[in-house]
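Novice: One structure, as structure tokens, below. Some questions next.
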Amino acid sequence: MSTDMSSAMSSGMSSGMSSGADEACSPAGLRTAYCGALRAGDAGRAVSVCGWLARRREHGEHLAFVDLRDHTGIIQCVVDGAHDLRSEQVLRVTGTVRLRPEGTANPALSTGEVELGECEVEVLSAAEPPPFSLDARAETDEAVRLRYRYLDLRTDRMQHNLRLRSQVNSALRRAMERQGFVEVETPLLWTPTPEGAREFAIPSRLQRGSFYVLPQSPQIAKQLLMVGGLDRYYQIARCMRDEDLRADRQFEFTQLDIEASFVGQSEVLAFVSEAVIEAAAAVTGEHPPQIVSMTWNEALDRFGTDKPDLRFEMQLVDLLDAVAGTEFNTFKAACVRAIRVPGASEWPRSRLDALVERARQLGAAGLVWMRVRADGVLESPVAKYLSETEQHRVVIATAADPGDLLLVVAGERARTCKVLGQLRLDVGQPVVSERPLRFVWVTEFPLFEGIDDEGRLVAAHHPFTMPHPDDLDLLETDPMSVRSQSYDLVLNGWELGSGSIRIHRADIQRRVFTALGISDEDAESRFGFLLGAFRYGAPPHGGFAVGLDRLVALLAGEDNIREVIAYPKTQSGADLMSGAPQPLTPKQLAELGIRVVSPAVSEPPSPSEPPAPSSPSEPPAPSSPSEPPAPGPSRA
Ligand code: ASP
């Protein structure tokens, strides 16, 4: 293994994370000790340990060193060399803990001062040679690891990530319960909900021709719990969306889903803040600072995105005043903004040209770069078009120092900010695992995010989101400028989740439906049961959903959520281990009243995704289900 599991676990413990072998949990059954828990103070103890054979090295003529691994770490056992012991066999070793001879301690192992001597070895289970070396996980194709996920799970990294996930879940539960939330399970076999993603359909056997859908989220169910008087609901809920997969998206994902009655936005934000801070503190041992908040407009202005990464500066600077009245045509625009890249004036011309090209690809008319020379003068292909005063004002506005590089974009506001926001990430964003954790609330999203092909407004969150009270009058006259009472939680540039205050008044709901082009009949047929319930007394309510896979990935320092999910699917939705999805048998199809008109497997499996093995000893697949690193997740 690349790192010592026991040291990974103990570092986890020192940072507030307990390993499976903490003092409260003593070994039982076939063993009297955990491999990774033995220390010099245990010398003289007779113990039985169980686990997998991680490594075997010959030791002289008659003895062998066997490293035995369990979920807590590794212990070296000195065994009779005559034993026929092989990698990944399951062993029970009974022996006496003793100090390793002088000079042979291994400081890389938490058990490195001791070993087990006078060992009796029992082979509990034979093992074929594993299809990949657990020590070489990093170099092993992901397709191979997913196909033999049960072996991959034995590695330090997966052990650490899944245990961290469990810690996060229990911290979230603790925080929600402390705040008076009640856990309620909502159905998986359900009916369409209005979040806009494609849903998975499940045929009904008893009512042929009818289908359930798997919930994209418990949205309507939880709102009905509020009508039902549950007051504060939470659930660690599985949600299913039949959408194209990305590094930060799976068909099934997990949310901490909450809803509360008789509260407004600030209370919902406080409930969620307490939960995620508790989770972060539980696994890092550090209490993240109070979560800051900014409006959607401010986020766009300062960071060029609604998912600001606050771990680094390089904020967008407004240059309109600095270049007011300029003769330089490019800067005679509605919006002129810059970012300052500290110390980057030495970047070669080729790198700057690549940035200009990138800005064009992102939709800008161009990009102006300016090097700030030692004497404070700007060096740039456009410097000759800017007066000395203008150049001086640009340097002052950006607080630029000699040696810095300025990147300037001009044009329409939203596009300009977005291009600079992306360039800011391209040149400055730290890797996912880099601390600190910087949570931020983004509030006051627009109620509508655009207009669809049929000319209808599209809800930015969902159709039950309450408009901002100050903008209600604009609903019919200027709908695109209406702000909503919806909010996102962002962590280090990743959107962790969304929520909103819901509409509980029939008159406002009708106006929003009308704006969205949803007729009364339409509304009745799609969400009739929710609207019907609202006629019997709906409390004002609001809620939120935190994407757990993303939260855990960020806390684990992983840039791909597959690393924190026990059995994830590949980009094409395949489970390489189980072989899902699979065709049904003719008998199953007949029972469901389904005739498959296209071939059961409509597309051949991609070369990077071999079908699941019929026997585990089949040779491993050659290539990986390569996916790009996580971009910022989309709002839903
Ligand atoms: N149902 C929403 C989602 O899944 C969250 C919410 O509004 O509570 O994103």
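The values are calculated or read from the model by the stated rules, or taken from the named source; none is laboratory data. Since this is a predicted model, take the numbers as computed values, not measurements. Counting neighbours? That spans all protein chains shown, and the Cβs are built from the backbone with ideal geometry, glycine included. What goes into the accessible areas is simple: the full protein's heavy atoms, side chains included, and nothing from ligands, DNA or RNA. Shrake-Rupley method; radii C 1.70, N 1.55, O 1.52, S 1.80 Å.
Rundown of residues vs (1) crowded, with 19+ Cβ neighbours inside 10 Å; (2) over 20 Å from the mean Cα position of the chain (by Cα), yes/no style:
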position	(1), (2)
Ala260	yes, yes
Leu269	yes, no
Glu278	yes, no
Lys307	yes, no
Leu319	yes, yes
Val323	yes, yes
Arg337	yes, yes
Ser345	yes, yes
Ser350	no, yes
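Novice: Going through the range 379-397 one residue at a time, which ones are assigned to a helix (DSSP H, G or I) and open to solvent by 40 Å² or more (accessible area, probe 1.4 Å)?
Specialist: Selection gives Lys384, Tyr385, Glu388, Thr389, His392, Arg393, Ile396, Ala397.
Novice: Can you tell me which residue within the range 212-248, out of those that are open to solvent by 40 Å² or more (accessible area, probe 1.4 Å) and of a type in the set (Lys, Arg), is farthest from the ligand (Cβ to nearest atom)?
Specialist: Step by step, filter the range 212-248, then rank; the result is Arg246.
Novice: Please verify whether the range 550-569 includes one or more residues that are more than 33 Å from the chain's Cα centre (by Cα) and either among the aromatic types (Phe, Trp, Tyr) or not in a loop (DSSP other than H, G, I, E, B) (or both).
Specialist: Scanning the range 550-569, I find no residue that is more than 33 Å from the chain's Cα centre (by Cα) and either among the aromatic types (Phe, Trp, Tyr) or not in a loop (DSSP other than H, G, I, E, B) (or both), so the answer is no.
Novice: Same structure, new question: Among the residues of the range 501-515, write down those that are part of a loop (DSSP other than H, G, I, E, B) and surrounded by fewer than 20 Cβ atoms within 10 Å (Cβ to Cβ).
Specialist: Of everything in the range 501-515, just one residue is part of a loop (DSSP other than H, G, I, E, B) and surrounded by fewer than 20 Cβ atoms within 10 Å (Cβ to Cβ), namely Arg505.
Novice: Another one. Identify the residue in the range 549-566 that is of a type in the set (Gly, Ala, Ser) and under 21 Å from Ala237 (Cα atoms) and, among all such residues, is surrounded by the most Cβ atoms within 10 Å (Cβ to Cβ).
Specialist: Only one residue fits best here, namely Ala553.
Novice: Mind telling me which of the residues Arg163, Arg157, Arg145, Arg137 ends up being touching a helix residue (DSSP H, G or I) at 6+ places or on another chain (Cβ under 8 Å), in a helix (DSSP H, G or I), outside the structural domain of Arg86 (by TED's automatic domain parsing) and modelled with pLDDT under 95?
Specialist: Exactly one of Arg163, Arg157, Arg145, Arg137 is touching a helix residue (DSSP H, G or I) at 6+ places or on another chain (Cβ under 8 Å), in a helix (DSSP H, G or I), outside the structural domain of Arg86 (by TED's automatic domain parsing) and modelled with pLDDT under 95, namely Arg137.
Novice: Something else now. Going through the range 517-548 one residue at a time, which ones are within 16 Å of the ligand (Cβ to nearest atom) and open to solvent by less than 30 Å² (accessible area, probe 1.4 Å)?
Specialist: Phe527, Leu530, Ala538, Pro539, His541, Gly542, Gly543, Phe544, Ala545, Val546, Gly547, Leu548, listed by residue number.
Novice: Report, ordered by the first and then the second residue, all pairs with beta carbons closer than 9 Å, sequence separation of six or more or different chains, a first member in the range 580-597 that is without any contact (Cβ under 8 Å) to a residue 12 or more places away in the chain and of a type in the set (S, T, N, Q), and a second member that is assigned to a loop (DSSP other than H, G, I, E, B) and open to solvent by less than 80 Å² (accessible area, probe 1.4 Å).
Specialist: Gln582/Ala600; Gln582/Ala612; Gln588/Ile594
Novice: Only one residue in Leu437, Leu496 is under 25 Å from Cys239 (Cβ atoms), away from the ligand (no atom under 16 Å from the Cβ) and of a type outside the set (Gly, Ala, Ser), so which one is that?
Specialist: Of Leu437, Leu496, the one residue that is under 25 Å from Cys239 (Cβ atoms), away from the ligand (no atom under 16 Å from the Cβ) and of a type outside the set (Gly, Ala, Ser) is Leu437.
Yes/no matrix, rows are residues, columns are (1) surrounded by 13 or more Cβ atoms within 10 Å (Cβ to Cβ); (2) at pLDDT below 95; (3) assigned by TED's automatic domain parsing to the domain that holds Glu476:
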| residue | (1), (2), (3) |
| --- | --- |
| Leu355 | yes, no, no |
| Gln361 | no, no, no |
| Val377 | yes, yes, no |
| Ala399 | no, no, no |
| Pro402 | yes, no, no |
| Leu405 | yes, no, no |
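Novice: Report yes if Asp575 is modelled with pLDDT of 95 or more, buried (at least 16 other Cβ atoms within 10 Å of the Cβ) and closer than 30 Å to Arg208 by Cβ, otherwise no.
Specialist: In short, yes.
Novice: Taking the options Glu454, Glu449, Glu476, name whichever one is more than 18 Å from Val227 (Cα to Cα) and in a strand (DSSP E or B).
Specialist: Glu449
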